[in-house]
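Shown next, in structure tokens, is the structure this report addresses.
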Amino acid sequence: MQKRIILPALCGLLFSSLLHAAQTCLPDVAPTTPTAEFSLHQDGTVSHQRTELMWDRCSWGQSGENCEQGTAEEYTWDEALQQAEIANSQAYKGYTDWRVPTRRELHSIVEFQCYDPAINETVFPATTGLFFWSYSPHADNPSPVGVVNFHGANYNPNYIPNNPSIRLVRGGLSFAFLPEILPQSCNSGATVLNNAKFNIHDNGTTTHNLTGLIWDRCSWGLTGTNCEIGTAVTYTWDEALQQAKLANQQNHKGYNDWRVPTINELLSITEEACYNPALNTTIFPATPSSNFWSSSPNAFNSIIIWGIYFSNGDVDYGNSESDHRAVRLVRGGQAFDFLPEANQSPSAQFTLSPPSGQAPLTVTLDGTAASDPDGDNLTYAWDVNGTPIGDGAQSFAHEFSVGQHNIRLTVTDSAGLSHSSSQILTLDEQGSTPQPNTGADVLLNFKNGQTFYQVGETLNIELQEQVNTNRFQRIDLWVALRVPSGDLFFMQPHPITPFSTMPGPFKEALDSANVSYPIIMGFEVPANQGLGGTYTFYALAVEAGKSPMQDIFVYRSNLARLDITLADR
């Protein structure tokens, strides 16, 4: 079915376990990490499209759909490194290349629009830790470690509080394809930097190849081929904003769209390997080792403005009314069209048929649901409790004996990227008494070909349901949709009104037949502005006639979840 739906602003909660804490954000400040930049995955990870980093959505120590279980543990530095090793040894969430992020990587997910916490809570729910470890070389500090403060977003390599928290990361942009140009350096030539981060132009500007931003090579007030003429003047923040207007009136260096950079843009040109100043002086000559303004206000206090201290590259802040700081102008925006298509990790999904029973039981292990975003051919490796089975087959039948069996599928693409997923199969002896309904009755799984949609595109989602043959009670199937405003809609069995704000089941009184069938939900997203963000679908099986809004002990399946991101316009 295909319906155009309108999403009114009505309040709702998805079951009793999906509440999360509030934060404070400035509505008149543009977000620095908008939800549309991220792709949320069902395994609890999220991909940042701007950086191609994959993050654990939960702080280390937390788990659950919304990181509602456990606590954000605190660690010494040595313990923090050990947690990454533990995650890799366990193939945590299907991957074995987790690490503690660098300072710049951590700052890439700071939400400067908000505080307490300064992070996008839709993408990274239940972030309670104030300080998080980073691993970065720091040219004026022998220690490679530091912390990012997610209460207020600043970084300090010299202040390490007792036992910060950890958020693990993997992957990231690779720029090995960039052409070779003359070596660039800092620290009087002692440190050689990335050879192709920048292109220098004859008009005194430079293009940053990693972001597409065009920078004035000289601090405002300096001129000349190597910025050797004049003085880097300092200004209050309001005066700094006026300098950008003045530059545009003068068509400075041939352009009239100069601006004071955001804090993330200013941070992008720092060089952690350099100090006094902490940037590439071949690209930005005669830069003073002092504070520079950004255009980003502090969410906690709008009088306070974020900036960079270019002596060591730290993120700091200044008083907009009284402090005087230098200015470097920028134009353009982050455009990654020039980047080659990055290889993406495959997804290891599989089904068991039947999903449970009594031993000995022949079960079909079916890996046809595994996929690769790049369309690569996959190789399949199966194991049960660590013992290989299947001889690389995509699907096959295997006989299981009494006991609990941890079945794992690992798929690998042609570039060597792998992903693993596991299911537990528990078998009783023949002749044992059937058990009453438990959470193993039904396996629910959403399938969708894409996770990001433009306005007007048709959304098609498939919900796969497998009902255990050895259970005997009937169940109801509930399907819900949470929209970016937080409002909740329940899918109805009536095609004319597919969604309603009134809680109710989608399908009632399913019996215990062994079924596996798709439910297709399709609708055209209305082409209104302001509806962009994450749309989350949930599915849950419960005892027939019961409501999951009132009693969590009636659950008869896993809570399936699918996140879809819609462009804002």
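Quick note: the coordinates plus some simple rules give every number you see, no bench work behind them. As the structure is a computational prediction, the values presented were derived from the model and not from experiment. Cβ sites come from the backbone with ideal geometry, for glycine too, and all protein chains shown count toward neighbours.
See the values below:
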read-out: Rg ratio (alpha-carbon, reference 2.2 N^0.38 Å) - the range 185-331; value: 0.98
read-out: Set of lysines with alpha-carbon distance to Lys507 below 17 Å, sequence-local pairs under 8 removed; value: Lys546
read-out: The range 185-331: antiparallel DSSP beta bridges as a percent of all, rounded to 5; value: 95 percent
read-out: Point-charge dipole on Cβ atoms (K/R +1, D/E -1) for the range 185-331, about Cα centre, debye to 20; value: 340 debye
read-out: Assigned charges on the beta-carbon of Lys, Arg, Asp, Glu; the range 271-414 dipole about Cα centre (debye); value: 380 debye
read-out: Mean Cβ count within 10 Å, highest first, over the residues of peptides 206-218, 392-404; value: 206-218, 392-404
